[in-house]
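Engineer: Pasting a structure below so you can have a look.
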Amino acid sequence: MARVAREMVERTGINVDELVHKLVRAASAELTTYYYYTILRFNSIGLEGEGLKEIIEDARIEDRNHFEALAPRIYELGGSLPRDIRDFAADCACPDAYLPDDPGNIKDLLEVRCVHASHQQVQLSRELVNPVPNCFAPH
């Protein structure tokens, strides 16, 4: 399966090794952001009622789902996730996210932007050879 998927992508002109590296880095960003939102969820107890916790939980689940969608694509292209979680986190497309010094500052709590930048890099790789808009592309 990996050979067939890899050959199909190579025929489009995409550098598969580069794409796999970007996918691994994006998967790391998703997993580490999921971890951050998990910590954030429990540190938000008592802040701004249940609405804030629901927003954080939605973001947390979304990041986990993104990680779970990226992992099989990496293996389908002949890549793999690092065996050591420390290596995986170290090659993340984003810097580590930490709780702000003032956990009561709602704006700072919710500010994790880097994951979206790593998605844009992967998307750009795809658009270079496939001008079909993302909303029409298979996921």
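The values are calculated or read from the model by the stated rules, or taken from the named source; none is laboratory data. It should be emphasised that the depicted structure is a prediction, and the values quoted were computed from it without experimental measurement. Neighbour counts run over all protein chains shown; Cβ positions are idealised from the backbone, glycine included.
Engineer: Report those helices (runs of 4 or more DSSP H) wholly inside the stretch 65-139 carrying at least 3 residues which are within 17 Å of the chain's Cα centre (by Cα) and at pLDDT 90 or above.
Structural biologist: Numbers: elements: 85-90, 106-109, 114-129.
Of the helices (runs of 4 or more DSSP H) lying wholly inside the stretch 65-139, those with at least 3 residues that are within 17 Å of the chain's Cα centre (by Cα) and at pLDDT 90 or above span 85-90.
Engineer: Still on this model: Note down all Cβ pairs under 8 Å where the first residue falls in the stretch 1-30 and is β-branched (V, I, T), the second is exposed (fewer than 13 other Cβ atoms within 10 Å of the Cβ) and assigned to a helix (DSSP H, G or I), and they're at least six residues apart or on different chains.
Structural biologist: T12/V129; I14/L128; I14/V129
Engineer: Which residue out of R60, R86 is in contact with a Ser or Thr (Cβ under 8 Å, 6 or more places away or on another chain) and without any contact (Cβ under 8 Å) to a residue 40 or more places away in the chain?
Structural biologist: Answer to the check: R60.
Engineer: How many of the residues in the stretch 30-64 are surrounded by 14 or more Cβ atoms within 10 Å (Cβ to Cβ) and not in a helix (DSSP H, G or I)?
Structural biologist: 2
Engineer: Taking the stretch 79-90, which residues are surrounded by fewer than 16 Cβ atoms within 10 Å (Cβ to Cβ) and either among the aliphatic types (A, V, I, L, M) or under 21 Å from E10 (Cβ atoms) (or both)?
Structural biologist: At the first step, the residues of the stretch 79-90 found to be surrounded by fewer than 16 Cβ atoms within 10 Å (Cβ to Cβ) are 80, 82-87, 89-90.
Of everything in the stretch 79-90, those that are surrounded by fewer than 16 Cβ atoms within 10 Å (Cβ to Cβ) and either among the aliphatic types (A, V, I, L, M) or under 21 Å from E10 (Cβ atoms) (or both) turn out to be S80, I85, A89, A90.
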